[in-house]
Amino acid sequence: MQETVVVIGGGAAGFFGAITCAEANPHLKVLLLEKTSKLLSKVRVSGGGRCNVTHACFQPLAFSHHYPRGQKALKKLLPLFGANDTVAWFEKRGVKLKTEADGRMFPLSNSSETIVECLLQAARNAGVEIKTSLGVNAIEVQKEAPTPERFKLVLSNGETIYANKVLVSTGGNAKPENYEWLQTLGHSIDVPVPSLFTLNVPGSPFKDLQGISVPKAKVKLTGQKLETEGPLLITHWGLSGPAVLRFSAWGAKLMFGLGYNGTALVNWVPDVTEDHVRQQLLQQRQSSPRKTVFTNPLFQLPTRLWQRLCELAEVPESVKWAELPGKAQNKLIELLIRTPFEVKGKTTFKEEFVTCGGIKLEELYLERMESRIVPGLFFAGEVVDIDGITGGFNFQAAWTGGYLAGKAMAQIT
């Protein structure tokens, strides 16, 4: 009798699992169910509609360091299917990837539709049956079933289907109640909370400078060890950019516990020490005494940003370097190194919502992504407690988990 594998969730991990399983064992019936009317929706919107497929880091150990949750697990899993395997997988199917200066990898077409169509075509070629607008409300384990199928699935339309193996790849969700149907199977959940968000600063004196960015800044949370570095973008609601997204990823649980309130300190000149900043200002006094402070930015900072820092330091607009009061100079140094931003809340970064938390990794046989509690039940993607920083790392975790689950499910029991 033909075995049936059901994949729940039509995202990156679900498609990769279904395709891998069907290609590895053409004798299986592989059915993919998606509860919405749209397939691969996150793939379509990621990277501004270009799809950041993975990251050009081909050493598994180095790659794993980009995951606030799941780092230890990925040290084991990435050697089995890593970024180099992802690049080869898509290239074999006619999609070449390119690497940008920051390491992110995109299709040469610069369109996520290229990746979507590649996955859809691969699924069709492998014989995967796909049904949309059809979710799963419950999974029941058939302990003494009259048929070989181990699982009974109650669908959202009221119908029932049976499966020998099931892959849950339903994505992340910040609402704990959305994991209850999996907890009834005996699994426990690391409390899900949002990751990859930007910082709301309602009282920011910089909000009218929206769109101004610096290539490198350091963001630190006062009273905590949380500190990240990278490009920073000023927005009309607060702060964004890679430095802030890394901050939100590494501090997802901490910020959740703080109610997304706290004081973030921004160092606009992270490559130099405070003493160096002071020496630079003193040198400017000596080398350019007749130049005005306001119109002669240092450290290659954008002019409008420099001028706002001067305003906050109470540097008179017409004052020359030779006349700069000591009090204003000290305040300017302080702001260059530690500008405070009173954070009150968060905003989802574009469409790239990521959840920290989910199925506990210790409850899985990682190399197979199979449940230790319910044999034949597999997990991949954001539904498990793995999440990375922005830059293609979350998709790579989806490809890796989906591939390993697909290979394991292809084995006839």
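The values are calculated or read from the model by the stated rules, or taken from the named source; none is laboratory data. Everything quoted here is computed from the prediction, not taken from an experiment. Virtual Cβ from ideal backbone geometry, glycine too; neighbours counted across all protein chains shown.
The numbered conditions (1) more than 21 Å from PHE247 (Cβ to Cβ); (2) at pLDDT below 95 are all true for GLU370 except (2).
Inclusion of ARG246 among residues that are basic (Lys, Arg), in a helix (DSSP H, G or I) and in contact (Cβ under 8 Å) with a residue 24 or more places away in the chain is warranted.
Across the stretch 156-174, what is the total count of residues that are under 30 Å from GLU129 (Cβ atoms) and part of a loop (DSSP other than H, G, I, E, B)? Looking only at that region, the number is 10. Determine, yes or no, whether TYR403 is modelled with pLDDT of 95 or more, closer than 13 Å to CYS21 by Cα and of a type in the set (Ser, Thr, Tyr). For TYR403, the condition - modelled with pLDDT of 95 or more, closer than 13 Å to CYS21 by Cα and of a type in the set (Ser, Thr, Tyr) - is met. Residue-level check: of (1) of a type in the set (D, E, K, R); (2) surrounded by fewer than 16 Cβ atoms within 10 Å (Cβ to Cβ); (3) more than 27 Å from ALA22 (Cβ to Cβ), ASP190 misses just (2).
Scanning the stretch 249-301 for residues that are in contact (Cβ under 8 Å) with a residue 40 or more places away in the chain and acidic (Asp, Glu), we see that the one that is surrounded by the most Cβ atoms within 10 Å (Cβ to Cβ) is GLU274. Taking the criterion of being assigned to a helix (DSSP H, G or I) and within 12 Å of GLY70 (Cβ to Cβ), the residues of the stretch 355-382 that qualify are LEU361, GLU362, GLY381, GLU382. Scanning the stretch 197-212 turns up at least one residue that is more than 14 Å from PHE341 (Cβ to Cβ) and crowded, with 20+ Cβ neighbours inside 10 Å.
For every residue, the table says whether it meets (1) farther than 18 Å from ALA410 by Cβ; (2) surrounded by fewer than 23 Cβ atoms within 10 Å (Cβ to Cβ); (3) of a type in the set (Lys, Arg).
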site: GLN2; (1), (2), (3): no, yes, no
site: GLY14; (1), (2), (3): no, no, no
site: ILE19; (1), (2), (3): no, no, no
site: ALA22; (1), (2), (3): no, no, no
site: LEU31; (1), (2), (3): no, yes, no
site: LYS42; (1), (2), (3): yes, yes, yes
site: SER46; (1), (2), (3): yes, no, no
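Taking the stretch 58-105 and the helices (runs of 4 or more DSSP H) fully enclosed by it, the elements with 2 or more residues that are more than 22 Å from GLU362 (Cα to Cα) and assigned by TED's automatic domain parsing to the domain that holds LYS360 are at 83-92. Residue pairs whose Cβ atoms lie under 6 Å apart, sitting 6 or more positions apart in sequence or on different chains, and linking a residue in the stretch 25-43 that is among the β-branched types (Val, Ile, Thr) and in a strand (DSSP E or B) to a partner that is buried (at least 20 other Cβ atoms within 10 Å of the Cβ) and modelled with pLDDT of 95 or more, are VAL30/VAL5; VAL30/ALA18; VAL30/CYS21; VAL30/ALA22; VAL30/VAL128. The number of residues in the stretch 175-200 being farther than 20 Å from GLU363 by Cα and either among the hydroxyl-bearing types (Ser, Thr, Tyr) or part of a loop (DSSP other than H, G, I, E, B) (or both) comes to 4. Taking the stretch 128-155 as the range and being modelled with pLDDT of 95 or more, loosely packed, with under 13 Cβ neighbours inside 10 Å and not in a strand (DSSP E or B) as the test, only SER133 passes. The residues of the stretch 222-248 that are more than 18 Å from the chain's Cα centre (by Cα) and crowded, with 21+ Cβ neighbours inside 10 Å, listed by number, are ILE234, THR235, GLY238.
Return the only residue of GLU367, GLU323 being exposed (fewer than 15 other Cβ atoms within 10 Å of the Cβ), under 25 Å from the mean Cα position of the chain (by Cα) and among the charged types (D, E, K, R).
Values: GLU323 fails: under 25 Å from the mean Cα position of the chain (by Cα).
Just a single option satisfies the conditions, and that option is GLU367.
Cβ-Cβ distance below 9 Å, separation of 6 or more or different chains: which pairs start in the stretch 1-15 with a residue that is within 8 Å of LEU167 (Cβ to Cβ) and in a loop (DSSP other than H, G, I, E, B) and end on one that is at pLDDT below 95 and of a type in the set (Phe, Trp, Tyr)? Nothing qualifies.
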